Amino acid sequence: MQTIRKLHKLPGAQFGILAIAALLVPGTPPGWASSHSDAPLIKQDPQANLTDVYAFIGTKYDNVNQIVLNVLVSVRPFSDPGDGVIYDRFADDALYSIHITDPNTGATVDRYDFRFSSVTGGLKNPDTILSYGLGTQAGAITTIGDARQNFTQTYTLYKNGATLGSGLPIPPPNVGVRTTPLYNDVTTGKAISGATQVGQLDSYTTQGLRTVTGGVGAWAGPREDGFYADTPGLFDLLDARILDNNGDLSDGLGQDGGGIDGFKGYNVLSFGIQIPINSLQPQTYSAPFADLQNPLPAVGSSSGVGVYASVSRQRVTLRRTDNRPLDSGPWIQINRLGNPLFNEVLVALRDKDKYNRASPTADAAFATYAENSELANLINLVYGTSIPTIGRTDLRSVFIPDVLRVDTTTGPVKVPGQIGFSRFGFAGGDTAVGSSGQIKSSGWPNGRRIGDDVVDIALTAIGSGPTYSDVTVIGDNVAANDQLYNQVFPYLGTPHAGPTVRQREEP
């Protein structure tokens, strides 16, 4: 049995942004996937299964002087880069939606819908087994939809029912250096990522960038899974590899990196938009960690929007022996995601599917799962701690309603690879300033950036609230993603190449 010294505690008297930055040391208890396996029914429908939602302030991909709200959404967890012959495609019978909401109620103000073209059409040559590398010509793909790209999928983007753009291109998957060479290093065959400007992105990705009606930037296609956590070890009754380095803090981290990223080597399907700030309808709202000049949980006033994503399917599907299924009837929401971790980690099994079908406006029905934390109970059970398990108003204020709240009055926030970025946000000294001068986190729970270590941030909040008189820092011993993020839209890393991953052979 491990002892309590594995949970590093910082007395409230010493608390401050710089103090936390110095002592934010991931410890031991459990962390989970953002939303890769959140409910029984959606687990059976991977193309509709949302994994992550990101929302943060940045600049337009083709105009660094234009401030935008970036919203990125990923679906299809554990997409194997080498899964030919078909490779993963967006479902053509699903409605993928981004909701911009009132941050106080979760009510949708604007909705952006993505509809994708047929997964069975779009072929130049139906008389081959190759979806990529052989269409009307054989060889490497150099341009989206060229003669060597046999299957091509496109999408239409709508705002509140009105078409913003149609026939928008989707880059091919990263089949490998012989078929999609522009993704990859010619020597190693591995994907090249980490672009600091648009001109450094691979040309498949840049060809997919579009500006549609209203000045909205849009993109959809395959990406590397940007979430990182040791979920296999954590679910195996806290495998010892997630423990810190025997409590030794001399390395400044207190962990030896023994955790294994359970999402290493996998891709996802992602879609995203860049919304000009001046087209949003911000509302005033109160949020924790929004005015860090106040004592934690630093509740303060902000001005901005809420964000969540949903996937819907039509009510009736008629399966036919002589044709593809026929769908009809109204759209029924089958999955949704706002903040990371809420449904997957906090909501009990009995209500997970019910949550996915509900609107954030009805989230008071799920508030008990934030206010009365089963996760805190589990940590106490395993480690003999006394983390408060009831009356967690601090957690309710983060998760209810379950939308990402983004202060839209700050400047662009830092992203991984830029000087000053911290995966811990404000606790790592990475802050932003709102229009009224409040100091707030640059990352989650002020929106969510790529690279935010939401597992460590959430577990530390659970272990420290509701008073935060002592800060108990908890983590999972995985400190970084396995792929470099890009520093420009669409931000998520270049998808892994099929021949270079080894999920079947190596841990």
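The values are calculated or read from the model by the stated rules, or taken from the named source; none is laboratory data. Just so we're clear, the structure is a prediction, and the values are computed from it rather than from any experiment. Every residue, glycine among them, receives a Cβ derived from its backbone with ideal geometry; neighbour counts consider all protein chains shown.
Of all the listed residues (Val85, Val25), the sole one being modelled with pLDDT under 95, surrounded by 21 or more Cβ atoms within 10 Å (Cβ to Cβ) and more than 20 Å from the chain's Cα centre (by Cα) is Val25. If the condition is being surrounded by 16 or more Cβ atoms within 10 Å (Cβ to Cβ), β-branched (Val, Ile, Thr) and either without any contact (Cβ under 8 Å) to a residue 12 or more places away in the chain or within 23 Å of Val212 (Cβ to Cβ) (or both), then the stretch 141-155 contributes Ile144, Thr152, Thr154. Please count how many residues of the stretch 59-94 are more than 19 Å from Val403 (Cα to Cα), in a strand (DSSP E or B) and out of contact with any Leu (no Cβ under 8 Å at 6 or more places or on another chain). The qualifying residues number 10. Cβ separations smaller than 7 Å between residues 6+ apart or across chains give the following pairs from the stretch 304-326 residues that are under 20 Å from Ser270 (Cβ atoms) to residues that are part of a strand (DSSP E or B) and among the charged types (D, E, K, R): Tyr308/Arg336; Ala309/Arg336; Ser310/Arg336.
Each row is one residue, and each column tells you yes or no for (1) more than 24 Å from Val473 (Cα to Cα); (2) under 20 Å from the mean Cα position of the chain (by Cα).
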position	(1), (2)
Ala362	yes, no
Asn380	no, no
Gly384	no, no
Arg405	no, yes
Pro412	yes, yes
Val415	no, yes
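When each of Asp62, Asp80, Asp38 is tested for being among the charged types (D, E, K, R) and under 18 Å from Val212 (Cα atoms), the lone residue that passes is Asp62. Just so you know, in the stretch 359-396 the residues that are modelled with pLDDT under 90 and among the aliphatic types (A, V, I, L, M) include one that is nearest to Glu344 (Cα to Cα), and it is Leu375.
Of all residues in the stretch 145-166, how many are among the polar types (S, T, N, Q) and in a strand (DSSP E or B)?
Within the stretch 145-166, residues that are among the polar types (S, T, N, Q) and in a strand (DSSP E or B) number 5.
Only one entry of Asn372, Asn380 meets the criterion of being farther than 20 Å from Asn343 by Cβ, surrounded by fewer than 22 Cβ atoms within 10 Å (Cβ to Cβ) and either free of Cβ contacts under 8 Å to residues at least 60 places away in the same chain or of a type in the set (Asp, Glu) (or both), and that entry is Asn380. Scan the stretch 332-354 for residues that are over 15 Å from His36 (Cα atoms) and either in contact with a strand residue (DSSP E or B) (Cβ under 9 Å, 6 or more places away or on another chain) or outside any helix (DSSP H, G or I) (or both) and the total you get is 3. Within the stretch 119-130, being within 21 Å of Asn323 (Cβ to Cβ) and either of a type in the set (A, V, I, L, M) or within 33 Å of the chain's Cα centre (by Cα) (or both) holds for Val119, Thr120, Gly121, Gly122, Leu123.
When the stretch 99-115 is limited to residues that are part of a strand (DSSP E or B) and of a type in the set (Val, Ile, Thr), the one that is surrounded by the fewest Cβ atoms within 10 Å (Cβ to Cβ) turns out to be Val109. Would you say Val186 is of a type in the set (A, V, I, L, M, F, W, C) and free of Cβ contacts under 8 Å to residues at least 24 places away in the same chain? Judged against the criteria, Val186 is a match. The set of residues in the stretch 167-191 that are assigned to a strand (DSSP E or B) and in contact with a Pro (Cβ under 7 Å, 6 or more places away or on another chain) contains only Ala191. Residue pairs whose Cβ atoms lie under 7 Å apart, sitting 6 or more positions apart in sequence or on different chains, and linking a residue in the stretch 44-67 that is on the phi > 0 side of the Ramachandran plot and among the aromatic types (Phe, Trp, Tyr) to a partner that is buried (at least 16 other Cβ atoms within 10 Å of the Cβ) and modelled with pLDDT under 95, do not occur here.
To keep it simple, each residue is scored yes or no on (1) polar (S, T, N, Q); (2) crowded, with 17+ Cβ neighbours inside 10 Å.
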{"position": "Ser270", "(1), (2)": "yes, yes"}
{"position": "Ala287", "(1), (2)": "no, yes"}
{"position": "Ala290", "(1), (2)": "no, yes"}
{"position": "Gln293", "(1), (2)": "yes, no"}
{"position": "Leu296", "(1), (2)": "no, yes"}
{"position": "Gly304", "(1), (2)": "no, yes"}
{"position": "Tyr308", "(1), (2)": "no, yes"}
{"position": "Arg315", "(1), (2)": "no, no"}
{"position": "Arg319", "(1), (2)": "no, no"}
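Could you go through the stretch 119-140 and let me know if any residue there is surrounded by fewer than 22 Cβ atoms within 10 Å (Cβ to Cβ), over 23 Å from Thr179 (Cα atoms) and modelled with pLDDT of 95 or more. No, every residue in the stretch 119-140 fails to be surrounded by fewer than 22 Cβ atoms within 10 Å (Cβ to Cβ), over 23 Å from Thr179 (Cα atoms) and modelled with pLDDT of 95 or more.
The set of residues in the stretch 262-311 that are in a loop (DSSP other than H, G, I, E, B) and within 30 Å of Pro172 (Cα to Cα) comprises Gly262, Phe263, Lys264, Gly265, Tyr266.
Of all strands (runs of 3 or more DSSP E) completely enclosed by the stretch 431-507, which ones contain at least 1 residues that are modelled with pLDDT under 90 and among the hydrophobic types (A, V, I, L, M, F, W, C)? Passing ranges, in order: 470-473. Among the residues that make up the stretch 376-387, is at least one of them part of a helix (DSSP H, G or I) and either of a type in the set (Ser, Thr, Tyr) or within 29 Å of Val109 (Cα to Cα) (or both)? The answer is yes, given that some residue of the stretch 376-387 is part of a helix (DSSP H, G or I) and either of a type in the set (Ser, Thr, Tyr) or within 29 Å of Val109 (Cα to Cα) (or both).
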